[in-house]
Amino acid sequence: MIVRKELQQAADRLMEQRRQQAEEELRARRDGLYRHCPKLKDLEQEQAGLLAELTALALHKRSGDPAALRARCAAIDRQRTALLEELGLQASDLSPRYACPICQDTGFVEGRPCSCYLAALRRLSYEHSPMGAALRDQTFETFDLARYSDRPDDRFGLSPRRVMEKNLHIAKDFVASFPNGGRSLLFTGPSGLGKTHLSSAIGGELAARGFHVVYEMAPTLLQRLEDVKFGRAEPQDEERICDLLIVDDLGSEYITAFSTAALFSLLAERLVQSRSTIVSTNFVPAELEEAYSKKLASRLCYEYETLYFVGEDVRKRDRQSKIRDGR
Ligand SMILES: [Zn+2]
């Protein structure tokens, strides 16, 4: 995975914010506790003073009896523990509550990046991807089922709204069960029915949970695969090794024998490696076979869970109602 310097700096800032937040929260908690029990504050202040004296002794900055100081320290410690117990608290109640207890929000453990830091990098990399900004508003919450007609559609025996409700349910289940052993989805249907919205909602949720999500428009992805093949670009592993690859708008690219073969081998490899993929396309399964190859089409149709997107073009309808309302 290519980690750009700005992403690293953004992840460092995020860690710093988390640490500050944990420390501020501790300060507020401690202040409240001291107000409630001033004795605790006195004990802690005395203990801090004793520790400073012990340090000064160790550094030969003054003379004194270290054993007596240590004994006093231990006695205070016992009193403090008893007092906390009386208050129904534990020592951990006076420690910062870090978002990640493993690295205490430093992002590193023994000089190596912590899993929370890598997760933050992946989320930032998704958000800062060329598509990320455009996709940020496309969440499950903003996916509006009311935009789909509730009149039954002859082809499905259900209303578009009911079909889309099922799709939304499958999408949420896909996220909840992730990583799900390479479960992959095929979104098929005409433009403007919410395929991009639903796939980016899935991508956004998983990226926020720290999974490595790569979102690619089919033409960009296939162009890059071709450029790598002909030595015009450096190979990138992201689309092969990411946890979820989203290939949007398959069929909008210029289809060649090479692009079909390259896509087939990428998708096949991801299936073998149990890595999930979401492909969205305006083509119906029969058109996929015609446009690409039988092999690719049957892989997509039989090994992917197919979700049909039905209804009216919601973007077109929005545009029309804007024009009608004079907006
Ligand atoms: Zn961590």
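Side notes on the structure shown:
- Hits in segment 179-221 - residues which are within 16 Å of the chain's Cα centre (by Cα) and in a loop (DSSP other than H, G, I, E, B): Pro179, Asn180, Arg209, Gly210, Phe211, His212
- Any chance Glu290 is among the charged types (D, E, K, R), under 26 Å from Asn180 (Cβ atoms) and free of Cβ contacts under 8 Å to residues at least 40 places away in the same chain: no
- Test result for Glu85, surrounded by 13 or more Cβ atoms within 10 Å (Cβ to Cβ) and without any contact (Cβ under 8 Å) to a residue 12 or more places away in the chain: no
- Taking every residue in segment 28-44 that is farther than 19 Å from Ala75 by Cβ and pairing it with any residue that is among the hydrophobic types (A, V, I, L, M, F, W, C), at least 6 positions away or on another chain, the pairs with Cβ-Cβ distances below 7 Å are Arg30/Leu94; Leu33/Leu40; Tyr34/Leu40.
- The set of residues in segment 145-159 that are in contact (Cβ under 8 Å) with a residue 24 or more places away in the chain and either within 13 Å of Tyr308 (Cβ to Cβ) or in a loop (DSSP other than H, G, I, E, B) (or both) comprises Tyr148, Ser149, Asp153, Arg155, Phe156.
- Residues that are over 13 Å from Leu14 (Cα atoms), of a type outside the set (A, V, I, L, M, F, W, C) and near the ligand (Cβ under 9 Å from one of its atoms), drawn from segment 105-131: Pro113, Ser115
- Within segment 185-235, the residues that satisfy the criterion of being free of Cβ contacts under 8 Å to residues at least 12 places away in the same chain and at negative phi are Thr220, Asp227, Val228, Phe230, Arg232, Ala233, Glu234, Pro235.
- Assessment of segment 51-69 against the conditions (at negative phi, basic (Lys, Arg) and away from the ligand (no atom under 16 Å from the Cβ)) yields at least one matching residue.
- All of Ala171, Ala99, Ala119 fail the test of being surrounded by 12 or more Cβ atoms within 10 Å (Cβ to Cβ), part of a helix (DSSP H, G or I) and either of a type in the set (Ser, Thr, Tyr) or outside the structural domain of Tyr215 (by TED's automatic domain parsing) (or both), apart from Ala119.
- All positions within segment 239-261 that are surrounded by fewer than 16 Cβ atoms within 10 Å (Cβ to Cβ) and either more than 17 Å from Arg299 (Cβ to Cβ) or in contact (Cβ under 8 Å) with a residue 40 or more places away in the chain (or both): Ile241, Ser252, Tyr254, Thr256, Phe258
- Selected residue [surrounded by fewer than 14 Cβ atoms within 10 Å (Cβ to Cβ) and in a helix (DSSP H, G or I)] from Glu269, Glu226: Glu269
The values are calculated or read from the model by the stated rules, or taken from the named source; none is laboratory data. Note that the structure is a prediction, hence the values are computed from the model and not measured. Positions of Cβ are backbone-derived with ideal geometry, glycine not excepted, and every protein chain shown enters the neighbour counts.
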